[in-house]
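Read the structure below first, then the notes.
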Amino acid sequence: MQEMTDFKSNRNIVYSCTYHVVFCPKYRRPVLTNGVDERLKQIVREILADLECGLLELEIMPDHVHLLVGVDPQFGIHKVIKRIKGQSSRLLRQEFPWLKSRLPSLWTNSYFVATVGGAPIQVVKQYIENQKSH
């Protein structure tokens, strides 16, 4: 996972925008198991690398995904989430056909997102890392 303790910049701005994102499969079905979870991690990492976003933490539970990510504010967190959910749904449903029979679409339209500027990033990272043990 990439560290994001420094400020990032593009041609126009210097920024440090870190978000905690949570999203769920449709009906919160526990389908992110049996290899789907590992493939989803790979897909998310590839998408974030393509978008030049910093991945700080990623944890996949059977019925939801936690993501701690740094995003250029001019690109926007909503575009990142839309890309992750869209591409992962298409790829996972192709590679794991049983998902099509379990769900009409893989993800809900909803998601949770919060900036973590007020909380030390290490605290949020630890929270996400500890999700599996609860």
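Quick notes on this one:
- When Q87 is tested against (1) out of contact with any Lys or Arg (no Cβ under 9 Å at 6 or more places or on another chain); (2) under 22 Å from F7 (Cβ atoms), only condition (2) is not met.
- Between Y19, Y111, the distinction of being hydroxyl-bearing (S, T, Y) and in contact with a Cys (Cβ under 9 Å, 6 or more places away or on another chain) belongs to Y111 only.
- Some residue of the stretch 5-18 being under 14 Å from the mean Cα position of the chain (by Cα) and of a type outside the set (G, A, S): yes
- When T33, T5 are checked against the criterion of being of a type in the set (S, T, Y) and at pLDDT 95 or above, a single residue qualifies: T33.
- Flag for G118 being modelled with pLDDT under 95, of a type outside the set (D, E, K, R), out of contact with any Cys (no Cβ under 9 Å at 6 or more places or on another chain) and over 19 Å from V36 (Cα atoms): yes
- Scanning the stretch 14-27 for residues that are part of a loop (DSSP other than H, G, I, E, B) and modelled with pLDDT of 85 or more turns up C17, C24.
- Filtering the stretch 11-23 to residues that are out of contact with any helix residue (DSSP H, G or I) (no Cβ under 9 Å at 6 or more places or on another chain) and either surrounded by 18 or more Cβ atoms within 10 Å (Cβ to Cβ) or without any contact (Cβ under 8 Å) to a residue 60 or more places away in the chain (or both) leaves R11, V14, Y15.
- Condition met for L103 (in contact with a helix residue (DSSP H, G or I) (Cβ under 9 Å, 6 or more places away or on another chain) and either closer than 15 Å to H20 by Cβ or at pLDDT 95 or above (or both)): no
The values are calculated or read from the model by the stated rules, or taken from the named source; none is laboratory data. It should be emphasised that the depicted structure is a prediction, and the values quoted were computed from it without experimental measurement. Note that we place each Cβ from the backbone using ideal geometry, even for glycine, and neighbour counts take in every protein chain shown.
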